[in-house]
Amino acid sequence: MTVHEDDIEKLAELARVRIAPEEVAEVTTRIATILGLVDQLQSVNTGAVEPMANPLDAVQRLRADAVTEGNRREAFQAIAPAVENGLYLVPKVIE
Amino acid sequence: MHDLSVAELALGLRAKHFSSTELTRHSLARINTLDTHYNSFITVDETGALAAAAQADARLANGDTSPLLGIPLAHKDIFCTEGLRTSCGSKMLDNFIPPYDATVTRRLREAGTVLLGKTNMDEFAMGSSNETSFYGAAQNPWNTQRVPGGSSGGSAAAVAARLAPLATGTDTGGSIRQPAAFCGITGLKPTYGRVSRLGMIAYASSLDQGGPMARSAEDCALLLNVMAGFDPLDSTSSERPTEDYSAGLEKPLAGLRIGLPREFFGAGLEANTHTRIRDALALLEQQGATLVDINLPHTELSIPTYYIIAPAEASTNLSRYDGVRYGHRCEAPRDLHDLYTRSRQEGFGDEVKRRILVGTYALSAGYYDAYYRKAQQVRRLIRQDFLDAFTKVDIIAGPTTPGPAFGIGAKTSDPLAMYLEDVYTLAVNLAGLPAMSVPAGHVEGLPVGLQLIGQHFAEARLLNVAHQLQQASDWHLQAPPEANV
């Protein structure tokens, strides 16, 4: 699988990671090398092997649908970059 | 004091040969004078440590016999510590003071351990050399021109240099075992689900596992006794009961069948390292173990499999860093999109960005089946190799790494060369198995690690084998020269 600079720019946009224009070429080369490595898997015959998400094949443990945590809004917002009146502040989204 | 084992320290505390406060001051003094050479700590918490030591002394005076009471330790800076900065080696979390404790942190606090500080690590645990840390590379105490390994490099260096008798680490693809091997200490990656992941900052959630790092298997067992156990707050925590990991250390090895994977002793293994590993295996054989050649045919595929699964999970996990709720936020964002992208551009280092991009690629529409699903299928084949082998042998042994610690800067320009370092450790994480690295001598003054791999939940057996090896050898007792300066 070959990967081009515009693919990397699209991926960076999807991942919300900006890559500086002067770095795009180098990042592309490095990502292409890594993808070259992982492409080895394409030649493995995996047929009907069931994909494995958990090494113990464990299933999600469920608990009663009950409130167990207290409200710790002040503690959580004390470490936020910008808050006001209990709300997280972000740049204006709607004009 | 810094050469005593944890069991000896505990006896000394109880016999009032020294107090926890004296022991803690001793460790803090060593950190202050020696860590300028190693950069193994990101944060040293002198005030908190002395307060915890005073509390431990009060408990000791009351006759409390908890095994780790009053013992100093260091946490990898990936475990959340309430009120104490937890950076994960990243600029993104340089200002992050957790509002809660990791379960591991809480358990060890309640056990009366004294937290000295938080150790250096590769950024978000992504690396095998500790060089991707925002706080600079840590140095190997055996030779400060060499890397201590990674990602738990600071923990390994701190234990090797006798700055702390115990440290926690995490292992996603070898991050406890490889630095333990490079620094000449003992480290254990438990079975997936044995140690709670709550409050352990996530990298690749189906692989991440916390574990003990110490000078000996005996000390690792004491630390694992506190770390391990079911946690209802971790959805993948195992409900299987734990055992006393110290209880079976003295069991004789007679009749033990040790499998040696042919794939671990091939062309990639450096010759002198190979000799050291064979010497250590011969010691186990002298104690009654039988060595059996086995095959793990998919070993080589563990590298591409890991480098799809881990980045895919990382790209998902790291999407939480948005510059809104905690962590780094860029100055004067133009709009919400700019806030996200610039905060992440500034907050993440190059290796973290690369893995996010690779993971995003592997999960994107049109490529998911070819990459992520395929990797999950091969992951099952890799685990099956081990399950098949364990029908013939009790444990598996081989080298932890292809050679001893490499030079600082030697592999930073080529991520692939760095990835290939992990060829003997990755498959264990993919299969969810427990594994250790145990000191096995030196090559040109640098430590070599013997890897022991066990069946799921066979931590006690691994510790037993490692302890018996350490009863017959003194490699784990050797200290790096710099520590005695």
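The values are calculated or read from the model by the stated rules, or taken from the named source; none is laboratory data. Keep in mind that what you see is a predicted model, and the values were worked out from it rather than measured. Don't worry about glycine lacking a Cβ; one is built from the backbone with ideal geometry, like all the others, and counts go over all protein chains shown.
Filter the range A:20-41 for residues that are closer than 21 Å to B:TYR419 by Cβ and within 8 Å of chain B (Cβ to nearest Cβ) and give the result.
Across the range A:20-41, the qualifying residues are A:VAL27, A:ARG30, A:ILE31, A:THR33, A:ILE34, A:LEU35, A:LEU37, A:VAL38, A:ASP39, A:GLN40, A:LEU41.
Given the conditions (1) under 16 Å from B:GLN455 (Cβ atoms); (2) of a type outside the set (Gly, Ala, Ser); (3) within 13 Å of chain A (Cβ to nearest Cβ); (4) buried (at least 21 other Cβ atoms within 10 Å of the Cβ), and given that B:GLN384 satisfies all but one, which numbered condition is not satisfied?
Checking B:GLN384 against (1) under 16 Å from B:GLN455 (Cβ atoms); (2) of a type outside the set (Gly, Ala, Ser); (3) within 13 Å of chain A (Cβ to nearest Cβ); (4) buried (at least 21 other Cβ atoms within 10 Å of the Cβ), the one that fails is (4).
Could you run through the range B:421-447 and say how many residues are closer than 30 Å to A:LEU56 by Cα, away from every other protein chain (no Cβ under 14 Å) and of a type in the set (Gly, Ala, Ser)? Quick ask: steps written out before the conclusion?
Going residue by residue through the range B:421-447, those that are closer than 30 Å to A:LEU56 by Cα are B:421-439.
Within this subset, residues satisfying the condition of being away from every other protein chain (no Cβ under 14 Å) are B:424-425, B:436-439.
Those still in the list that are of a type in the set (Gly, Ala, Ser) too: B:437.
So the count comes out to 1.
Tell me, please, whether a residue that is β-branched (Val, Ile, Thr), in contact with a His (Cβ under 8 Å, 6 or more places away or on another chain), within 26 Å of B:THR401 (Cα to Cα) and part of a strand (DSSP E or B) can be found in the range B:185-204.
As a first pass, look at the range B:185-204 and keep what is β-branched (Val, Ile, Thr): B:185-186, B:191, B:195, B:201.
Restricting the remaining residues to those that are in contact with a His (Cβ under 8 Å, 6 or more places away or on another chain) gives B:185-186, B:191.
Imposing the further condition that a residue be within 26 Å of B:THR401 (Cα to Cα) reduces the set to B:185-186, B:191.
Subset that is part of a strand (DSSP E or B): B:186.
Among the residues of the range B:185-204, at least one is β-branched (Val, Ile, Thr), in contact with a His (Cβ under 8 Å, 6 or more places away or on another chain), within 26 Å of B:THR401 (Cα to Cα) and part of a strand (DSSP E or B), which makes the answer yes.
Name the single residue that is modelled with the lowest pLDDT among those in the range B:442-485 being within 20 Å of the chain's Cα centre (by Cα) and among the small types (Gly, Ala, Ser).
Ranking the qualifying residues of the range B:442-485, first place goes to B:ALA479.
Determine, yes or no, whether B:ARG329 is at the interface with another protein chain (Cβ under 7 Å from one of its Cβ atoms) and assigned to a loop (DSSP other than H, G, I, E, B).
When the stated conditions are applied, B:ARG329 passes them.
Can you tell me which residues in the range A:1-31 are touching a Ser or Thr at 6+ places or on another chain (Cβ under 7 Å), assigned to a helix (DSSP H, G or I) and surrounded by fewer than 20 Cβ atoms within 10 Å (Cβ to Cβ)?
If the condition is that a residue be touching a Ser or Thr at 6+ places or on another chain (Cβ under 7 Å), assigned to a helix (DSSP H, G or I) and surrounded by fewer than 20 Cβ atoms within 10 Å (Cβ to Cβ), then A:GLU5, A:LEU14 are the ones that fit.
Looking only at the range A:56-76, decide whether some residue is outside any loop (DSSP other than H, G, I, E, B) and touching a Gly at 6+ places or on another chain (Cβ under 9 Å). Outline the logic, then answer.
Restricting attention to the range A:56-76, the residues satisfying the condition of being outside any loop (DSSP other than H, G, I, E, B) are A:73-76.
Then drop every residue that is not touching a Gly at 6+ places or on another chain (Cβ under 9 Å), which leaves A:73-74.
Checked against the condition, which is being outside any loop (DSSP other than H, G, I, E, B) and touching a Gly at 6+ places or on another chain (Cβ under 9 Å), the range A:56-76 yields at least one hit.
Consider only pairs whose beta carbons are under 8 Å apart and that are at least six residues apart or on different chains; among these, list those whose first residue lies in the range B:405-420 and is within 13 Å of chain A (Cβ to nearest Cβ) and whose second residue is charged (D, E, K, R) and outside any loop (DSSP other than H, G, I, E, B).
Within 8 Å, the pairs are B:PRO415/A:ARG30; B:PRO415/B:GLU351; B:PRO415/B:ARG354.
Report every pair of residues separated by at least 6 positions or lying on different chains whose Cβ atoms are under 9 Å apart, first residue within the range B:352-377 and more than 8 Å from chain A (Cβ to nearest Cβ) and farther than 24 Å from B:ILE201 by Cα, second of a type in the set (Val, Ile, Thr) and buried (at least 19 other Cβ atoms within 10 Å of the Cβ).
If the second residue must be of a type in the set (Val, Ile, Thr) and buried (at least 19 other Cβ atoms within 10 Å of the Cβ), no pairs are left.
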